[in-house]
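These notes are about the structure you will find just below.
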Amino acid sequence: MNRIKLIAIFMLSISILNAQNKTITLAHNGNSTELTKEIAQYLKTKLNTPVKVIELNKITDMTNALKTKKVDLAFMGTFGYILAKSALESQINPLVVYGKNGIPGSYTSSIITYRSSDIKSINDIKTNAKNAKFVLAKPTSASGHIVPRLFLQTREIESMEKSFSSVTFAGGHDKVIAKITSKQAQLGAIATGYLANAIKNGKVNSKDIAVLWTSGPIVDGPVVANSSLSNAEKEQIKNIFINLPTDNPVLWGKIKSTYPSAKQSGGYIIGNDDYYNPIRKLISHIDNLKLILQYYLKTKF
């Protein structure tokens with residue numbers, strides 16, 4: 001009996017030691033690296049566990065890292081999550097998402113141009129398409145690519161690549177805005193809130209930019225939990241995010257000032273995969289989805 005007790009104590013000690021040595025890996029897609037590190041530091045303090053931050057710009061890389069369990073948590077965009085979920089199914093689940101009163105936070109997409117452009121309205125886009133350069137945020141961005149592409153299909157622009165003089169990815173919403181304001185491209189697609197932030201922060205003069213179209217609401221991407229985390233760990237992390245606005249209002253203030261959809265939310269709510277079914281339904285009606293994925297897979301972003 002004493003020997004059994006000693007073995008049990010030894011195994012418990014090993015288990016505790018392993019738990020103490022565990023490092024949680026948090027992945028993000030390159031947006032607001034410094035803020036992500038602050039969030040990781042906050043998680044580390046609350047969990048009393050090291051939290052490592054890695055940047056994975058490609059959803060293929062993010063999906064593979066989740067699949068091989070090299071990543072435990074991930075900040076994901078809407079379309080990137082949908083792609084990863086379709087590949088990994090029950091291995092990953094949305095842990096939390098911006099929201100208020102049980103309703104998930106959302107954002108909108110806009111197509112913009114510079115004020116002196118010959119394109120003055122949505123009706124002018126098709127007419128001027130052959131001479132217009134169109135810049136998008138990232139291939140996996142719902143607001144900076146997928147939703148605007150869907151909208152343009154309803155305006156008889158079935159293939160952006162065949163209609164415009166060029167279609168490129170800038171690598172982010174702020175970079176799209178920069179290319180439009182510098183007149184390197186005539187048209188751009190962004191998450192609307194990024195333009196509002198740029199104007200508020202004095203980076204862009206509202207008189208220099210024209211918004212040609214704005215979409216309906218798009219549910220924001222979630223914080224994803226991998227199956228590498230135990231249920232107890234997931235529950236603890238979920239509660240840390242849900243309580244963050246109250247427990248750390250300074251950090252929450254930084255999050256709100258950085259991410260437009262967070263500004264409209266009261267904090268975080270429990271994630272639910274069903275929130276993304278409307279976007280899935282839209283994507284299923286894209287005839288040239290293979291073309292979109294081809295562009296997505298061959299680019300850095």
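Here are the numbers:
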| quantity | calculated |
| --- | --- |
| Evaluation of TYR98 against (1) closer than 26 Å to SER206 by Cβ; (2) outside the structural domain of ILE255 (by TED's automatic domain parsing) (one fails), failing number | (2) |
| So LYS234, is it assigned by TED's automatic domain parsing to the domain that holds ASN93, assigned to a helix (DSSP H, G or I) and in contact (Cβ under 8 Å) with a residue 12 or more places away in the chain | yes |
| Total residues in the range 55-100, condition farther than 23 Å from GLU233 by Cα, at pLDDT 90 or above and crowded, with 24+ Cβ neighbours inside 10 Å | 0 |
| Sole exception among (1) out of contact with any strand residue (DSSP E or B) (no Cβ under 9 Å at 6 or more places or on another chain); (2) more than 25 Å from TYR268 (Cα to Cα); (3) not in a loop (DSSP other than H, G, I, E, B) for GLU89, by number | (2) |
| Subset of the range 57-81 [assigned to a helix (DSSP H, G or I), touching a strand residue (DSSP E or B) at 6+ places or on another chain (Cβ under 8 Å) and not β-branched (Val, Ile, Thr)] | MET62, ALA65, LEU66, TYR81 |
| Any hit, the range 195-211, residues being touching a Lys or Arg at 6+ places or on another chain (Cβ under 8 Å), outside any helix (DSSP H, G or I) and buried (at least 16 other Cβ atoms within 10 Å of the Cβ) | yes |
| Scope the range 168-193; condition crowded, with 24+ Cβ neighbours inside 10 Å and either in a helix (DSSP H, G or I) or touching a Pro at 6+ places or on another chain (Cβ under 8 Å) (or both); matching residues | HIS173, VAL176, ILE177, ILE180, ALA189, ALA191 |
| Selection count, the range 248-276, where residues are in a helix (DSSP H, G or I) and in contact with a helix residue (DSSP H, G or I) (Cβ under 8 Å, 6 or more places away or on another chain) | 13 |
| Filter result for LEU229 (under 30 Å from THR68 (Cβ atoms), touching a residue at least 40 places away in the same chain (Cβ under 8 Å) and not in a helix (DSSP H, G or I)) | yes |
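The values are calculated or read from the model by the stated rules, or taken from the named source; none is laboratory data. Small disclaimer: the values here were computed from a predicted structure and weren't measured. Reconstructed Cβ throughout: ideal geometry from the backbone, glycine too, with neighbour counts over all protein chains shown.
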